[in-house]
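These notes concern the structure reproduced below.
Every number here is computed from the coordinates shown, using simple stated rules; none is lab data. Here the structure is a predicted model, which is why all the values come from computation and not from measurement. Here the Cβ positions follow ideal geometry from the backbone for every residue, glycine too, while neighbour counts run over all protein chains shown.
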Amino acid sequence: MTIHTGVHRKGEFSIQDLLKSVKARPDFHKVGAVALFIGVVRGKTKSGKAVKGLELEAYEEKADAVLGSICRELMKKEGIVDVQIHHFTGKFEPGEDLVYVLVAGGHRTNVFSVLQQAVERYKKEAPIFKKEYVTDEEGKVKSHWVSEGETE
């Protein structure tokens, strides 16, 4: 079983590539539902500060292994044909895509819970690091490294 998943530099992989990949599977005829999560850069922090951008880095070898492991485990669930997680690294502005998570299965009832599990797991398990650039009260741009759940 080939796992199409992993970390990519910004611009190296597109949503069109993702859809072509799942539809090219020899067992795609079993699919009746494809669910897709697209994570994008928010323009405001939880505390209301303007986000100017994000910079994402990854321990790529480990991140690729973790993402692959998550996908392989979730593909064992009943009715699931494909699970893919594609996370991007580089510099991003608000509104730009950061991650694609795709789950394809026999029925819609199969895919939604697996999609949520895939999203929650990559956020907790993959060594992907985020530097947030925000505008402070005086209008100065400041940056800091954050982990999931730590964003302002």
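What to note about this one:
- Listed by chain and number, the lysines placed with their C-alpha closer than 22 angstrom to that of Lys131 are Lys10, Lys44, Lys46, Lys49, Lys52, Lys62, Lys91, Lys123, Lys140, Lys142; residues fewer than eight positions away on the same chain are left out.
- Helical runs assigned H by DSSP (4 residues or longer) give the chain a calculated mean residue ellipticity at 222 nm of -9000 deg cm²/dmol, each run adding -39500 (n - 2.57) before division by the residue total.
- Cross-link partners of Lys77 among lysines, defined as those whose alpha carbon lies under 17 angstrom from its own and excluding same-chain residues fewer than eight positions apart: Lys30.
- Label zone of Ser143 (point 7 Å out along Cα→Cβ, amide N under 16 Å): in segment 94-125 this covers 94.
- Order by protection proxy (mean Cβ within 10 Å, highest first), peptides 42-51, 68-77, 13-22: 68-77, 13-22, 42-51
- Each residue, Ser69 and Thr109, gets one label point 7 Å from its Cα in the Cβ direction; the gap between the two is 3.2 nm.
- Angle between the chain longest axis and helix 108-125 axis [Cα atoms, degrees, rounded to 10]: 40
- Set of aspartates and glutamates near Lys20 by C-alpha distance (under 20 Å), chain-local residues within fewer than 8 positions excluded: Glu12, Asp82, Asp97
- P(r) of segment 6-138 over all Cα-Cα pairs, binned every 10 Å from zero, in whole percent: 12, 40, 32, 13, 3, 0
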